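Taking it in order: structure first as structure tokens, then the write-up.
The values are calculated or read from the model by the stated rules, or taken from the named source; none is laboratory data. Note that the structure is predicted; figures quoted are calculated from it, not measured. As a convention, Cβ positions derive from the backbone with ideal geometry for all residues, glycine included, and neighbour counts pool all protein chains shown.
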Amino acid sequence: EYTQPTLLDDAVIAELERLTPFAPLHQPHNLAGIRAARHAFPGVPQVACFDTAFHRHHPWVNDTFALPRTLYDEGVRRYGFHGLSYDYISGALAQQAPHLAAANVVVAHLGNGASMCAIRNGKSVASSMGFSALDGLPMGTRCGQVAPGVLLYLMDQKAMSAAEITELLYKKSGLLGLSGLSNDMRTLEAADTPEAAQAIDYFVFRCRREVGAMAAALGGIDALVFTGGIGENSRLIRERICERLDWMGIELDRQRNARNALVISTELARTTVMVMPTDEELVIARAARMNMRAGRDPQHARCAPYA
Ligand code: AMP
């Protein structure tokens, strides 16, 4: 229902409240911020930008789970997140590498939250995140993909409540859970424990696997773009993810990679590998400005950060 930045009024806020069961950990906090800003700045318009909106063109097979259809109909879908970041990257790519604007591009947003997105012609085709921001790649403290049977085991055999499982999956898993040390990649890179090394191994393995999955969803890959705190800054993680991807035309130039250059692949590599800093706030600011210009008709407000 929310595929565009939307001017907030009482009706939209009530509608967003109704959606709270789909994101009980996030929606109440976002709405609290909206209410606090309304209270502090009465009469100042507010525009809501949705981190899921960029993924709304997904084909049905990338939008559903293999569950009874009634659940899809009531909203149990693969929404995908980090959409504001992917929107920024696809706009920046069109400006900085126009020959790739219509290409098959895999973007890896690797930070405390981590996901990948398959983009063709500037549009999202698939995302590693699903119904919640837990799915897909392992993250700082979030588990990433986990077999549903594990959750049944935790409930049945360990009598864990929904709240306890939520805490485990969102706050105690990922790099932190595997390393027993930290959710911060810099700390893990500097540590010399076998657990820290294994946490990095797992992160790298799942990222590499996901690049393959995204390339398969696109039917090929022309470019791989790294972004997010780890993607923009970690020479080591980029190098390790790419080191066994030569079969898909990926070949890093070590010196360019070491200095976080815009293009870090070799001249002759079939697939271009890039590093691009993301800027979700700029996408939000530009969407809000366009929405204001378009007046109060949300049909005319489009998220086009480079317009
Ligand atoms: P973000 O959530 O996008 O701000 O990214 C945060 C993550 O980026 C943390 O795991 C940081 O440790 C990681 N990060 C930031 N700078 C570096 C760096 N120079 N090397 C490795 N990881 C980094």
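Can you name the residue in region 1-45 that is among the small types (G, A, S) and exposed (fewer than 12 other Cβ atoms within 10 Å of the Cβ) and is also nearest to T166 (Cα to Cα) among such residues? Per the stated criteria, the residue is A32. G80 meets all of the listed conditions (1) in contact (Cβ under 8 Å) with a residue 40 or more places away in the chain; (2) closer than 21 Å to P21 by Cα; (3) within 16 Å of the ligand (Cβ to nearest atom) but one, namely (3).
When the strands (runs of 3 or more DSSP E) confined to region 67-149 are screened for residues that are of a type in the set (S, T, Y) and either touching a Lys or Arg at 6+ places or on another chain (Cβ under 9 Å) or buried (at least 19 other Cβ atoms within 10 Å of the Cβ) (or both), those reaching at least 1 such residues are found at 114-120, 123-127. The numbered conditions (1) touching a residue at least 60 places away in the same chain (Cβ under 8 Å); (2) part of a helix (DSSP H, G or I); (3) hydrophobic (A, V, I, L, M, F, W, C) are all true for W247 except (1). Note on region 53-66: residues that are out of contact with any strand residue (DSSP E or B) (no Cβ under 9 Å at 6 or more places or on another chain), assigned to a helix (DSSP H, G or I) and aromatic (F, W, Y) amount to 1. Select from region 183-198 the residues that are among the aliphatic types (A, V, I, L, M) and free of Cβ contacts under 8 Å to residues at least 40 places away in the same chain and list them in ascending order. If the condition is that a residue be among the aliphatic types (A, V, I, L, M) and free of Cβ contacts under 8 Å to residues at least 40 places away in the same chain, then L188, A190, A191, A196, A197 are the ones that fit. Residues being farther than 30 Å from I237 by Cα and either under 20 Å from the mean Cα position of the chain (by Cα) or in contact (Cβ under 8 Å) with a residue 40 or more places away in the chain (or both) are entirely absent from region 94-108.
Look at D184 and say whether it is among the acidic types (D, E) and within 15 Å of the ligand (Cβ to nearest atom).
It is true that D184 is among the acidic types (D, E) and within 15 Å of the ligand (Cβ to nearest atom).
Given the options A190, A285, A223, A199, name the one that is under 24 Å from the mean Cα position of the chain (by Cα), within 16 Å of the ligand (Cβ to nearest atom) and modelled with pLDDT of 95 or more.
A199
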